[in-house]
1. Identify the single condition in (1) of a type outside the set (Gly, Ala, Ser); (2) within 10 Å of another protein chain (Cβ to nearest Cβ); (3) in contact with a strand residue (DSSP E or B) (Cβ under 8 Å, 6 or more places away or on another chain) that B:Leu79 does not satisfy, given that it satisfies every other one.
2. Please determine, by comparing only the residues of region A:3-13 that are open to solvent by 40 Å² or more (accessible area, probe 1.4 Å) and over 16 Å from the mean Cα position of the chain (by Cα), which one is nearest to the other protein chains (Cβ to nearest Cβ).
3. If you scan region B:66-108, which residues turn out to be among the hydrophobic types (A, V, I, L, M, F, W, C) and either exposed (fewer than 15 other Cβ atoms within 10 Å of the Cβ) or under 22 Å from B:Val3 (Cβ atoms) (or both)?
4. Would a scan of region B:45-65 turn up a residue that is open to solvent by less than 60 Å² (accessible area, probe 1.4 Å), of a type in the set (Gly, Ala, Ser) and facing another protein chain (nearest Cβ under 8 Å)?
5. Only one residue in A:Gly16, A:Gly102 is open to solvent by less than 50 Å² (accessible area, probe 1.4 Å) and either in contact with a helix residue (DSSP H, G or I) (Cβ under 8 Å, 6 or more places away or on another chain) or within 14 Å of another protein chain (Cβ to nearest Cβ) (or both), so which one is that?
6. Can you name the residue in region A:25-46 that is open to solvent by 10 Å² or more (accessible area, probe 1.4 Å) and in a strand (DSSP E or B) and, of all such residues, is nearest to the other protein chains (Cβ to nearest Cβ)?
7. Might you check whether a residue that is among the small types (Gly, Ala, Ser), more than 24 Å from B:Leu52 (Cβ to Cβ) and not in a loop (DSSP other than H, G, I, E, B) occurs anywhere in region A:74-91?
8. I need the full set of residues from region B:36-89 which are touching a residue at least 24 places away in the same chain (Cβ under 8 Å), in a strand (DSSP E or B) and among the small types (Gly, Ala, Ser), in order please.
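The values are calculated or read from the model by the stated rules, or taken from the named source; none is laboratory data. Computed from a prediction, not measured in an experiment: that's the story for all the values here. Every residue, glycine as well, gets a Cβ built from its backbone with ideal geometry; the counts of neighbours run over all protein chains shown. Accessible surface areas use protein heavy atoms only, side chains included; no ligands, DNA or RNA. Shrake-Rupley method; radii C 1.70, N 1.55, O 1.52, S 1.80 Å.
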Amino acid sequence: EVQLLESGGGLVQPGGSLRLSCAASRFSFSRFAMNWVRQAPGKGLEWLAAISNGAEQTFYADSVKGRFTISRDNSKNTLYLEMSSLRAEDTALYYCAKDRYGDYPTSFDGWGQGTLVTVSS
Amino acid sequence: DIVMTQSPDSLAVSLGERATINCKSSQSILYSSNNKNYLAWYQQKPGQPPKLLIYWASTREYGVPDRFSGSESGTDFTLTISSLQAEDVAIYYCQQYYSAVSFGGGTRVEIK
């Protein structure tokens, strides 16, 4: 069974930066595209970004384009999300999610438990 | 951007009865070259991450009970739970992946 373990969340001030990590195991990480999805408290799901299996392509939601950067290190089986210029509305539980395929975001057949990011002064 | 609109926001169904959740896309999400609708359904139980139920609008994920089914008609999509079980209490989301990714607002399913 796919295992995804997010880390790096915490309390950050508005305008600050944070880097999230997602350690993957029990599947061939380098074969699949990966995604970040967030969920604000009591709200629905919001897709943020995706990266192809070889990191050749990245995809972003308009809401985070220019502020968030997705990357991966296939040698370490780890996915990253660099977040900057954080706002109160970025407060959410951040999930990493494994894609069914390799090239671009499709459906997500594995999810981590999430890491909580709170943006507040 | 493609907007996914789910209805109803919530529904209460008796155990063993059918539950029907609707999702409408603001534009076609049918890719003509493979004749597939780029739509998935997820189930999220309290305190848990989402779980993939259906992809390509009607293909059931491995291990998902066959009481869950997906159907499609143009830009209208339906997730049906044929005989609601207690463990099916959850929020259900549709998702399109035809152009980037977007989720519907979710439908909460409860026991009547």
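1. That leaves (2) as the condition not met.
2. Taking region A:3-13 and keeping what is open to solvent by 40 Å² or more (accessible area, probe 1.4 Å), we get A:3, A:5, A:7, A:11, A:13.
Now drop any that are not over 16 Å from the mean Cα position of the chain (by Cα), which leaves A:11, A:13.
Details: A:Leu11: 21, A:Gln13: 27 Å.
Restricting to residues being open to solvent by 40 Å² or more (accessible area, probe 1.4 Å) and over 16 Å from the mean Cα position of the chain (by Cα), the top hit is A:Leu11.
3. Filtering region B:66-108 for residues among the hydrophobic types (A, V, I, L, M, F, W, C) gives B:68, B:77, B:79, B:81, B:84, B:86, B:89-91, B:94, B:100-101, B:103.
Matches in region B:66-108: B:Phe77, B:Leu79, B:Ala86, B:Ile91, B:Cys94, B:Ala100, B:Val101, B:Phe103.
4. No, region B:45-65 contains no residue that is open to solvent by less than 60 Å² (accessible area, probe 1.4 Å), of a type in the set (Gly, Ala, Ser) and facing another protein chain (nearest Cβ under 8 Å).
5. Details: A:Gly16 fails: either in contact with a helix residue (DSSP H, G or I) (Cβ under 8 Å, 6 or more places away or on another chain) or within 14 Å of another protein chain (Cβ to nearest Cβ) (or both).
Just a single option satisfies the conditions, and that option is A:Gly102.
6. Looking at the filtered set, the residue picked out is A:Leu45.
7. Yes, because at least one residue in region A:74-91 is among the small types (Gly, Ala, Ser), more than 24 Å from B:Leu52 (Cβ to Cβ) and not in a loop (DSSP other than H, G, I, E, B).
8. B:Ala40, B:Gly70
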